[in-house]
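Take a look at the structure below.
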Amino acid sequence: MKKQLVLGIMSGTSLGSVDYALCEISGRKVKLKELWAVNYPKKLQDKLHEAAKGSLSSWDFCQLHHDLGRFYAEHAVRGKSKPQLVGLHGQTVFHNPSERNPATFQLGESAYLVEKLRAPVVNNFRAADLAAGGQGAPLATLFHEYAFAERGKHVCVNNLGGISNVTSLNWRNRKAARPEILSFDTGPANMLIDFAMRHFSGGKLEFDRNGSWAARGKANEPLLNRWLKHPYFRKSPPKSTGRELFGEPFFVKAIAEMKALSRFDAIATFTEFTARTVALNYQLHLGAVPDRVILTGGGASNPVLKEWIEQALRQSDGIPKVITSAGQGWPVEAIEPAAFALLAYLRLNKVAGNIPETTGAYHPVLCGTLADV
């Protein structure tokens, strides 16, 4: 496969901003060339929240799909480097990987990127895996393997976006051709924390910067114990989740149970919930304590969340080293857009982008729909 300059575009379930990663890709080698982020304008962000709640009319939904496509295209060029290919994840507003009636949808019309850049665009990455009986997620697994797998080590890459997902790369068997791979969503990461920050600040604060609110509070143990009984955490992989389980309905019920708590205690409780659900999933589903945990995504920039994840993992039969992807040469914001740049590259070269053992698909599939020039 020839070397190409590929732009990956990703916006997570937290609905905060759009991350752009321009990558040079050749075979299994991915090199980050440029990285930038653009915040959603308030009006556009509000519409996305409405879409995620299912409260838009079909007309408004269609308009938003095109408005978002134009927004992605507007900010897709930085400097002199022009991408030869684009991987557009789009904005997930619905993801339901049920066995009987699976469905997923990512907003953002790709035609505007094709027109602006005069380059092919791959989008709609999740549908093919879903159609093949899979969860449609996680799809960053191959990138995690290419970038972070280490022979002789058991490494976990844990992305902390709106939702937390982990890729376990167990290569302790040095003779194996590749690591044993397991990848799944552990539950909420920043989603509930961000909901709570908007709630308590009257919409003025989008997230808990540096975990400062959580650090001033104390987590409520009775609430944590109740929430940790949610059946999702004990469900065996392959599994994926999103707003349908840990979005607005969960938050509304949770905040009603927190009336006696201060705002700082509430944020601390949501933050500790994320930390403990990460540790619980590791304990129940990984089989062995990893040597190293690499945190990525927006939550990796929250030092309090990082510390509490470390503390929760210490309760296991071993103490893994917890670092961020920056310590491995990859900025925490770059991992997800770079992963979809790689998936676009694989799709263009007709190489399967899913790993059936992790998504639950019946067979490997080409991930993404190609919109050519």
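Close amide H partners of Asn96, meaning residues 5 or more places away or on another chain with modelled amide H under 5 Å apart, are Ala103, Thr104. In the chain, helices alone account for a calculated mean residue ellipticity at 222 nm of -10500 deg cm²/dmol, with every DSSP H run of four or more residues adding -39,500 (n - 2.57). Measuring max minus min along each principal axis, the C-alpha atoms of segment 141-328 give extents of 56, 32, 27 Å (largest first).
Taking θ as phi - 60° and the Karplus parameters 6.51, -1.76 and 1.60, the scalar couplings of segment 44-58 work out to 5, 4, 4, 5, 5, 4, 5, 5, 5, 8, x, 9, 8, 6, 4 Hz in sequence order, x denoting glycine and proline.
Full-extension gain between Tyr232 and Ser57, please, as 0.36 nm times their residue separation minus the C-alpha to C-alpha distance.
Working: separation 175, 0.36 × 175 = 63.00 nm, distance 3.10 nm.
Result for the pair: 59.9 nm of gain on full extension.
Taking the Cα atoms of segment 130-237, the ratio Rg/Rh between the radius of gyration and the Kirkwood radius comes to 1.07.
Compute the length gained on full extension between Arg28 and Ala103: take 0.36 nm times their separation in residues and subtract their Cα-Cα distance, giving the result in nm to one decimal. Write down the numbers at each step before the final one.
Details: separation 75, 0.36 × 75 = 27.00 nm, distance 3.06 nm.
Extra length from Arg28 to Ala103 when fully extended: 23.9 nm.
Descending by average beta-carbon neighbour count within 10 Å, the peptides 126-133, 292-299 line up as 292-299, 126-133, the highest first. Take 181-188, 162-169 and order them by the average number of nearby Cβ atoms within 10 Å per residue, most first; the result is 162-169, 181-188. Give the residue from Gly202, Asn190, Gln283 lying farthest towards the positive end of the charge dipole for the chain; charges sit on Cβ (+1 for Lys and Arg, -1 for Asp and Glu) and the dipole is referred to the Cα centre. The residue sitting farthest along the positive end of the dipole is Gln283. A convex hull fitted to the Cα coordinates of the chain yields 132 cubic angstrom per residue.
Gain in length, Val351 to Lys321, computed as 0.36 nm per residue apart minus the alpha-carbon separation, to one decimal in nm? It would help to have the intermediate numbers written out before the result.
Numbers: separation 30, 0.36 × 30 = 10.80 nm, distance 3.37 nm.
Residue separation times 0.36 nm, minus the Cα-Cα distance, leaves 7.4 nm.
Counting Lys and Arg as +1 and Asp and Glu as -1, what is the net charge of the other residues whose Cβ lies under 14 Å from the Cβ of Leu88? That works out to -2.
Could you work out how far the C-alpha centroid of segment 149-204 sits from that of segment 1-78, in angstrom? Centre-to-centre distance over Cα atoms comes out at 21 Å. Pairs from the table (Lys116/Lys306; Lys42/Lys321; Lys31/Lys229; Lys53/Lys350; Lys3/Lys80; Lys53/Lys80) lying more than 30 angstrom apart at Cα are Lys116/Lys306; Lys42/Lys321; Lys31/Lys229; Lys53/Lys350; Lys53/Lys80. Charged neighbours of Ser236, selected by a Cβ distance under 15 Å, balance to 0 (K, R count +1; D, E count -1).
What number comes out for the charge environment of Phe195, summing +1 per Lys or Arg and -1 per Asp or Glu over other residues with Cβ under 15 Å away? Let's see the in-between values first.
Numbers: positive: Lys53, Arg198, Lys204, Arg243, Lys253, Arg263; negative: Asp46, Glu50, Asp194, Glu206, Asp208, Glu244, Glu248, Glu257.
Net of charged neighbours comes to -2.
Charging the Cβ of each Asp and Glu at -1 and of each Lys and Arg at +1, and nothing else, the dipole of segment 12-110 about its Cα centre rounds to 440 debye. Which one of Phe251, Tyr232, Thr269 has its Cα pushed farthest toward the positive end of the charge dipole of segment 141-328, where Lys and Arg give +1 and Asp and Glu give -1 at the Cβ? So the residue we want is Tyr232.
Readers should treat all values here as calculations from the given coordinates under stated rules, not as data from a laboratory. From a predicted model like this one, the values you see are computed outputs, not experimental measurements. For neighbour counting, all protein chains shown are included, and Cβ atoms are generated from backbone atoms with ideal geometry for every residue, glycine included.
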